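The values are calculated or read from the model by the stated rules, or taken from the named source; none is laboratory data. None of these values were measured; they are calculated from a predicted model. A quick note on method: Cβ atoms are made from the backbone with ideal geometry, for glycine too, and the neighbour counts reach across all protein chains shown. For the accessible areas, the whole protein counts, side chains as well, though only heavy atoms, and no ligand, DNA or RNA atoms are used. Shrake-Rupley method; radii C 1.70, N 1.55, O 1.52, S 1.80 Å.
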Amino acid sequence: MSTTTRPSSLLSRRSFHTCRCTCLQQSIVQRHLEQQRRAGSYRLTSFPEPPPLTSVESRMATKLFAKPARFLTSVFDPKQIPPFKQPEIAFVGRSNVGKSTLINRLTNNSKLVKTSSKPGHTKSLNFFNIADQITLVDMPGYGFRSQEEWGELILHYLRYREQLKRLYIIIDPVAGIKETDKQIMQILDQQPLSYQVILTKRDRLTDEAFQKSKSQIERYLVEHAICCYPEILTTGKRRKSKKDQVGQMAQDIARIQWSVMTAAGVTPTPPSSS
């Protein structure tokens, strides 16, 4: 691991950004606790349910990600990481959890990121340009001898990358939070660096089983995750009619797209509906 010292300005900016996220989190939580007070309960065990996207927000998100996305470069060595200027949003998770597939769905391009059923297929940091406004980063999966295979590269990127605005941790709700997920959250909390959880492959569970897994994951995040943005995102088919599946999947993807945009700071103020 490199012994390069992080500039204090980077820590200051990250701390300021995290404070903004924390203030927002506290505001959301306070509203949620007030609702619980009225219901006669005060124990916070899950995140408040976020309001649905407005039609304007959904259109803005879909429009941005409908623009051509292109591959920029792959990096295997921390010294090779390029000095891109656009804000970066990274995706990480255990091997074969669906990071590459998710990025392809976000960009509506099934060939943008190579996918594989073999765990640990992604070995490099892969950078993708979104409308010349955002850079998405597909990171190596962890687990399966993770410290040997991705430790230096991924940790260096997380600790020293000034352009990195948020990390999305992809979790399979069938498996739940594993020890490697907890370890990466602890690293992010120490930086500090804002991160958010996305649950994939929800079609592998019944609605009841998915909600149970989601509640268990939220409980852990509420109790242990310091810099986690207080909203769990989801993707994957739901066990409803085919028509409902298509509409719900589109809404899930649009919400993730909007989240990426707001995290990167590229969302214009939506026009007033009045």
Can you tell me which residue within region 71-84, out of those that are exposed (fewer than 13 other Cβ atoms within 10 Å of the Cβ) and touching a residue at least 12 places away in the same chain (Cβ under 8 Å), is farthest from residue 254 (Cα to Cα)? 77
Among residues of region 231-262 being over 25 Å from residue 131 (Cβ atoms) and not in a helix (DSSP H, G or I), the residue modelled with the highest pLDDT is 232
Would you check if residue 194 is in contact with a Pro (Cβ under 9 Å, 6 or more places away or on another chain), among the small types (Gly, Ala, Ser) and in contact (Cβ under 8 Å) with a residue 24 or more places away in the chain? no
Considering only residues of region 145-185 that are modelled with pLDDT under 90 and among the polar types (S, T, N, Q), which is least open to solvent (accessible area, probe 1.4 Å)? 146
Matching residues in region 120-138 - criterion: being closer than 17 Å to residue 105 by Cβ and at pLDDT 90 or above: 126, 128, 130, 131, 134, 136, 137, 138
In this structure, does residue 220 turn out to be hydroxyl-bearing (Ser, Thr, Tyr), open to solvent by 40 Å² or more (accessible area, probe 1.4 Å) and at pLDDT 90 or above? yes
Check residue 265 against each of (1) of a type outside the set (S, T, N, Q); (2) farther than 27 Å from residue 54 by Cα; (3) at pLDDT 90 or above; (4) open to solvent by 40 Å² or more (accessible area, probe 1.4 Å) and name the one condition it does not meet. (2)
Residue among 189, 132 that is at positive phi and surrounded by fewer than 20 Cβ atoms within 10 Å (Cβ to Cβ): 132
Working only within region 192-213, note down all residues that are open to solvent by 10 Å² or more (accessible area, probe 1.4 Å), of a type outside the set (Lys, Arg) and closer than 26 Å to residue 88 by Cα. 192
What's the number of the condition residue 55 fails, among (1) of a type in the set (Ser, Thr, Tyr); (2) within 21 Å of the chain's Cα centre (by Cα); (3) at pLDDT 90 or above? (2)
